[in-house]
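The values are calculated or read from the model by the stated rules, or taken from the named source; none is laboratory data. None of the values given here were measured: they were computed from a predicted structure. Note that each Cβ is placed from the backbone with ideal geometry, even for glycine, and that neighbours are counted across all protein chains shown. We work out accessible area using only protein heavy atoms, side chains counted, and drop any ligands, DNA or RNA first. Shrake-Rupley method; radii C 1.70, N 1.55, O 1.52, S 1.80 Å.
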Amino acid sequence: GAVVSQHPSRVICKSGTSVKIECRSLDFQATTMFWYRQFPKQSLMLMATSNEGSKATYEQGVEKDKFLINHASLTLSTLTVTSAHPEDSSFYICSASGPGGVSELFFGEGSRLTVL
Amino acid sequence: AQSVTQPDIHITVSEGASLELRCNYSYGATPYLFWYVQSPGQGLQLLLKYFSGDTLVQGIKGFEAEFKRSQSSFNLRKPSVHWSDAAEYFCVIYNQGGKLIFGQGTELSVKP
């Protein structure tokens, strides 16, 4: 079946640096990608929705300058956490949907970010 | 407002026992409903989904769920739980704005 791959699965960085997380759809064209954040023992919180070739739509309360999202192709979206701080440490999960919309929706394996 | 409620934060069952995880939703129309499972440190795996038609939905790993419009519920069931079923389970609704709304999650522990 379809697969959505995230890389890296784990990343540790120093405070003040920027980190990029990639989300790739491996065998289908992802017209829409979603980025979620998950705190320990909590549910997923939608951060932003991105459509290929256009600017991402951020949820209320999510800083667009802190969390840069790029969806440059139909198979790749990136989330860049800029000037990361310890409070940005979290589990970030992407999902991707194809032309079928919600009936063709798949999640990545997640990326664990730890900011020291 | 559209919402999903999973009343049980944590459930423990014995291996081989039956399981029911509760999910209630608030939505103005017939919703698209999903159950996902997440193992520790992992992404989400789709167990089953309901869009329309037969209200009893069969999923993977022996799970099933029943959509009950009158009760605004979509409870997940399994007749005999295996130790490998220990994980976090999320009930999810898809809203008209094209977004997934997640329940708070239910953590399942399985006793040997």
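A full extension of the chain between B:I11 and B:D54 corresponds to an added length of 12.7 nm, given 0.36 nm per residue minus the alpha carbon distance. Share of pairwise Cα-Cα distances greater than 22 Å in the range A:22-116 is 23 percent (whole percent). Mean per-residue shielding of peptide B:102-111 is 2, counting Cβ atoms of other chains within 10 Å of each Cβ. Counts of other chain beta carbons within 10 angstrom of each beta carbon in peptide A:10-23 average 0. If R0 is 25 Å, the Cβ-Cβ spacing of A:K66 and A:S5 corresponds to a FRET efficiency of close to 0.55.
If you keep only loop residues by DSSP, which trypsin sites (Lys or Arg not before Pro) in the range A:1-66 have at most 10 other Cβ atoms within 10 Å of their Cβ?
Listed in order of number, the matching sites are A:K14.
Using the Cβ-Cβ distance between B:S109 and A:Q29 with R0 set to 45 Å, the FRET efficiency from 1/(1 + (r/R0)^6) comes to roughly 0.70. Per-atom-type breakdown for chain B gives carbon and sulfur 48% of the accessible area (1.4 Å probe, protein chains only).
Would you give the gap between the C-alpha center of the range A:44-90 and the C-alpha center of the range B:1-80, rounded to a whole Å? Cα centroid of the range A:44-90 versus Cα centroid of the range B:1-80: 29 Å apart. Dimensions of the protein assembly as shown based on its C-alpha atoms, expressed as ranges along the principal axes with the largest first, amount to 49, 38, 34 Å. In summary, the convex hull built on the alpha carbon positions of the range B:45-112 has an orientation-averaged projected area of 5.4 nm².
Among the chymotrypsin sites (Phe, Trp or Tyr not before Pro) within the range B:39-112, those in coil by DSSP and having at most 16 neighbouring Cβ atoms inside 10 Å are B:F51. Between the beta carbons of A:K20 and A:K55, assuming R0 = 25 Å, the FRET efficiency works out to 0.90 to the nearest 0.05. When the chymotrypsin sites (Phe, Trp or Tyr not before Pro) in the range A:1-106 are filtered for DSSP coil states and for at most 10 other beta-carbon atoms within 10 Å of their beta-carbon, no site remains. For the range B:9-67, the Kirkwood estimate of hydrodynamic radius, built from reciprocal distances between every pair of different alpha carbons, is 13.3 Å.
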